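All remarks here apply to the structure that follows.
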Amino acid sequence: MRTLYQTLVIFFLTLLLSVALYAIGTAEWSQPYIEEMVPARGGGGGGGGGQGGGGHNHFSEAPSPEYAFSGSFKTLFPMTMTIFVVIIIQKSFKQTQDTQKMRRKLKERDS
Amino acid sequence: MLKNYGIDILLFLAFIIDMNVHFTGLVIHEWLGLGLAVIIVIHLLLHWKWMVAIIKRFFVKLPGRERFKSLIDILFFIDFILVSLSGILVSKVIILSLGITLPHSVFWRWLHIQSADWGIYLLGLHLALNWRWIVSTTKRYFLKPFQKLGGLA
């Protein structure tokens, strides 16, 4: 019963935010901002070239195993870097806090 | 604890695989994405007590680190909704299988790609801020049993 209530709370919260987002995304007043925000897709002007830069690739419906490593690397690399940087910042922050604490204790002892 | 840990590992693996659309193809990407949304709800349910406690203490008394952590979690939840909603709106497989056709929108497609990219950094932050728990649980459930086995041999 309790789990059902909790699930419903999460569901309604998700639904509420989704409706709000959908309303913003489709509202007339937001369209100029959206047009400005979303990069224009290729197609027009320039032409030429086999691969055509810019626009996003269309994904095929079938899996392509050759992307297993390169595709995962694109996700894992920035994620690992974020984890690494945050852990280092946390450690140095804790170290400064510890040294400050020690200094304060020493000062108290001296006085 | 073990249930939490198992679901977290499942979530992490599903996220990495689902982010690789070239590898999975659209069909698996969409269904796995739907499954991921369900597992995220289970993940939230398993952390319900913590969530309620943090929300209660958020504006009253909460250490800076915990406040930052919960802010990241809220952002992550919003990002999850952004990815899911835009994913549904640009879906070609699931929505079509339900017999619904949605108009093509560059905006929702852009939002889906962007929010998925933000998700990588938010998940990185989420993992880094819970790193101590991850390390201690991994040690408890993976390393210690192996060490015990090694000791017996």
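The values are calculated or read from the model by the stated rules, or taken from the named source; none is laboratory data. Predicted model only: the values in this text are computed from it and were never measured. For neighbour counting, all protein chains shown are included, and Cβ atoms are generated from backbone atoms with ideal geometry for every residue, glycine included.
Side notes on the structure shown:
- Selection status of residue B:92, basic (Lys, Arg), within 16 Å of residue B:126 (Cα to Cα) and touching a residue at least 60 places away in the same chain (Cβ under 8 Å): no
- Just so you know, in segment B:122-133 the residues that are of a type outside the set (D, E, K, R) and either assigned to a loop (DSSP other than H, G, I, E, B) or surrounded by fewer than 17 Cβ atoms within 10 Å (Cβ to Cβ) (or both) include one that is nearest to the other protein chains (Cβ to nearest Cβ), and it is B:131.
- When A:25, A:52, A:71, A:43 are checked against the criterion of being at pLDDT below 80 and part of a helix (DSSP H, G or I), a single residue qualifies: A:25.
- Segment B:98-111: number of residues that are more than 10 Å from chain A (Cβ to nearest Cβ) and buried (at least 17 other Cβ atoms within 10 Å of the Cβ): 0
- The residues in segment B:115-153 that are within 30 Å of residue A:32 (Cβ to Cβ) and touching a residue at least 12 places away in the same chain (Cβ under 8 Å) can be counted, and the count is 6.
- Within segment B:4-15, the only residue that satisfies the criterion of being crowded, with 18+ Cβ neighbours inside 10 Å and either within 19 Å of residue A:78 (Cβ to Cβ) or at the interface with chain A (Cβ under 7 Å from one of its Cβ atoms) (or both) is B:15.
- Filtering segment B:36-49 for residues that are part of a helix (DSSP H, G or I), in contact with a Gly (Cβ under 7 Å, 6 or more places away or on another chain), modelled with pLDDT of 90 or more and under 18 Å from residue B:121 (Cα atoms) leaves an empty set.
- Within segment A:11-37, being of a type in the set (A, V, I, L, M), farther than 11 Å from residue B:81 by Cα and at the interface with chain B (Cβ under 9 Å from one of its Cβ atoms) holds for A:34, A:37.
- Taken together, the criteria exclude residue B:78 from residues that are in a helix (DSSP H, G or I), of a type in the set (Val, Ile, Thr) and more than 12 Å from chain A (Cβ to nearest Cβ).
- Exactly one residue out of B:149, B:85, B:143, B:96 is within 22 Å of the chain's Cα centre (by Cα), among the aliphatic types (A, V, I, L, M) and assigned to a helix (DSSP H, G or I), and it is B:85.
- Condition check for residue B:22: in contact with a Pro (Cβ under 9 Å, 6 or more places away or on another chain), within 11 Å of chain A (Cβ to nearest Cβ) and surrounded by 15 or more Cβ atoms within 10 Å (Cβ to Cβ): yes
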